[in-house]
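Participant: Structure incoming, see below.
The values are calculated or read from the model by the stated rules, or taken from the named source; none is laboratory data. Since the model is a prediction, treat every value here as computed from it, not as a measurement. Keep in mind that these areas ignore ligands, DNA and RNA; they rest on the heavy atoms of the full protein, side chains included. Shrake-Rupley method; radii C 1.70, N 1.55, O 1.52, S 1.80 Å.
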Amino acid sequence: MWWRLCSLLAWFPLQEAFLTNHTETVTVEEGQTLTLNCVVSPEKTISLQWLAPSGFTIFLNEHPALQNSKYQLLHHSTNQLSISVLNVSQRDEGVYKCLHYSNSVRTKEVKVMVLATPSMPTLEASVIRTQNGKEHVTLRCSTVRSKPPPQITWILGNDIELYGETHHEFEMDGKKCNSSSLLRVHTYGKNSTVNCIIRHKGLQGRKLVAPFRFEDLVTDQETASDAPEKSSPSSQDPQQPASTVAVMEDSSTTESDKEEKEQTTQDPDLATEANLQYLGVVRKKNGILLLTLVSFLIFILFIIVQLFIMKLRKAHVVWKRENEISEHTLESYKSRSNHEETSSQEKNGQTFHSKSYINYITQLYSDAKTKRKENAQNPKLEGEPTHIPESIV
């Protein structure tokens, strides 16, 4: 039965039979449980299937395809397949698909967005004094590892809410970010208060609050009258996030020096996390630089190899051409030698034949002359004709 279903499911996607494409969006907080429910009309149904964002099958009817304990089967029937995803993380974000196989193939898409709630905010206060005697208080409220970025506002007293200079810095994965808001206060009273408010979708209407009381800053200023620079934690409710107060005097410092001094008053845990992030960025840059250098060396080596191959080919062509010329010259020399030898032999043969022919004729004339003399001396032989070879005539 299982193999039949697999064969059938392998055959169905080949057909252009995806009729109804229903899409919905589900938002879930990181660490919670995601429930995926697929309900189809009560018609002739062969099977139901849930696919992960990666494209792998999670459940085929009641049969689990992925051996992962975080996927659980909640309910299965002829027209319903419900599953759950435990302890959702950012890796579980994406589009899940429910495939309904019957006479045609219908699909339902569920776009899952995973929220990361921000951490409890930390608040830092720094007093900046200039040479002309003026001073102002810089308040910095920070929260880390949220997705999407949170909204940060400030409430002065009990009724004035305003925005500060907000900055978002995303992590290397581009999903979570660290956020901070900067507020400068030039005038304040001893009993004044300010609250940093964090709002986020994952908080479901709740707020994260970091309070600060200026009386703590005044107290620290009085105790720091003999010291040009001093930092001390403000007296806060143990249940509230701790804040840091810094009193700094500015004689001839620039704005960048001020920011460096403010960074020295950060909480040790945040400083450690910032150092780790900085080390991660440095390592990433070093890795990119090393990869670039290796790629450049490989490119140079490739060029050298190509030049060597070209030079080798050129030398081979020259050698082949010289070899062909040598072979041609040798063949010409052999042909000439054979021709000269043949000509010499023919010439020698003709010379020998001529000499033999002349000697033969000379001998014949000599014999004929002798015969005539004998005939003259003997009259009886005068009537006999003298035979001369036709070849001589």
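Participant: State the extension gain, in nm to one decimal, for the chain segment bounded by V209 and K373, taking 0.36 nm per residue of separation less the distance between their alpha-carbons.
Facilitator: Net length gain for the segment: 42.4 nm.
Participant: Moving on to the next point. What Kirkwood Rh does segment 19-106 have if only Cα atoms enter the pairwise 1/r average? Answer in Å.
Facilitator: 13.5 Å
Participant: While we're looking at this one, here's another question. If the viscosity is 0.890 mPa s and the temperature 25 °C, what translational diffusion coefficient in µm²/s does Stokes-Einstein give for segment 28-177 when Rh comes from Kirkwood over Cα pairs?
Facilitator: Estimated via Stokes-Einstein, D reaches 128 µm²/s.
Participant: With the cut-off at 15 Å, report for segment 292-348 the share of all Cα pairs above it, as a whole percent.
Facilitator: 71 percent
Participant: When the Kirkwood radius is taken over all Cα pairs of segment 111-175, what Stokes-Einstein diffusion coefficient follows at 37 °C and 0.692 mPa s, in µm²/s?
Facilitator: Once the numbers are plugged in, D ends up at 225 µm²/s.
Participant: Here's another thing I want to ask about it. Rounded to the nearest Å, what's the spacing between the alpha carbon centres of segment 82-126 and segment 38-75? Just the number, please.
Facilitator: Centre-to-centre (Cα) distance: 16 Å.
Participant: Volume per residue, Å³, of the convex hull around the alpha-carbon atoms of segment 56-113?
Facilitator: Spelled out: Cα convex hull of segment 56-113, divided by residues, is 89 Å³.
Participant: Of K108/K207; K44/K97; K44/K108; K176/K207, which pairs sit farther than 25 Å apart, going by alpha carbon to alpha carbon?
Facilitator: Check vs 25 Å cut-off fails for K108/K207.
Participant: At 0.36 nm per residue, minus the direct Cα-Cα distance, what do T130 and R91 gain on full extension? Give it in nm, one decimal, please.
Facilitator: Extra length available between T130 and R91 comes to 9.1 nm.
Participant: If you count only protein heavy atoms with a 1.4 Å probe, what accessible area per residue comes out for segment 70-202, rounded to a whole Å²?
Facilitator: 47 Å²
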